[in-house]
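The values are calculated or read from the model by the stated rules, or taken from the named source; none is laboratory data. Predicted model, so just to flag it, every value in this text is computed and none were measured. Neighbour counts are summed over all protein chains in view; Cβ atoms, including those assigned to glycine, are modelled from backbone coordinates with ideal geometry. The protein model used for the area step is the full one, side chains on, heavy atoms only, and it has no ligands, DNA or RNA in it. Shrake-Rupley method; radii C 1.70, N 1.55, O 1.52, S 1.80 Å.
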Amino acid sequence: MVEKTIVLTGSSKTSIEDAVSLAVSRAAVTISGIEEVEVTDVKAIVEDGAVARWKVKIKATFPVKDRVHE
């Protein structure tokens with residue numbers, strides 16, 4: 001099997017977990033079979049002295065299909 005890994009960025013005003021979930025769910029619309037996600041970076045975006053949103057960078061891994069037209 002061959003797998004591909006891509007880097008995605010997600011953000012959320014609520015939490016780190018929501019930022020990761022959003023990135024995965026949006027990617028899953030066009031990429032099937034995401035099997036693994038690694039969080040590689042987390043940032044808090046601060047505005048007016050408070051955390052305004054969370055920004056995460058993730059690596060998502062999925063299998064490469066054997067045939068182009070299945």
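Structure values in brief
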quantity: Selection count, the range 19-70, where residues are charged (D, E, K, R), within 27 Å of residue 2 (Cβ to Cβ) and surrounded by 10 or more Cβ atoms within 10 Å (Cβ to Cβ); calculated: 7
quantity: Per-region count, the range 8-38, residues of a type outside the set (Gly, Ala, Ser) and closer than 13 Å to residue 55 by Cα; calculated: 9
quantity: Residue in the range 38-53 that is charged (D, E, K, R) and at pLDDT below 95 present; calculated: no
quantity: Of all residues making up the range 14-70, the number that are without any contact (Cβ under 8 Å) to a residue 24 or more places away in the chain, touching a strand residue (DSSP E or B) at 6+ places or on another chain (Cβ under 7 Å) and among the hydrophobic types (A, V, I, L, M, F, W, C); calculated: 5
quantity: Test result for residue 9, open to solvent by 60 Å² or more (accessible area, probe 1.4 Å) and part of a strand (DSSP E or B); calculated: yes
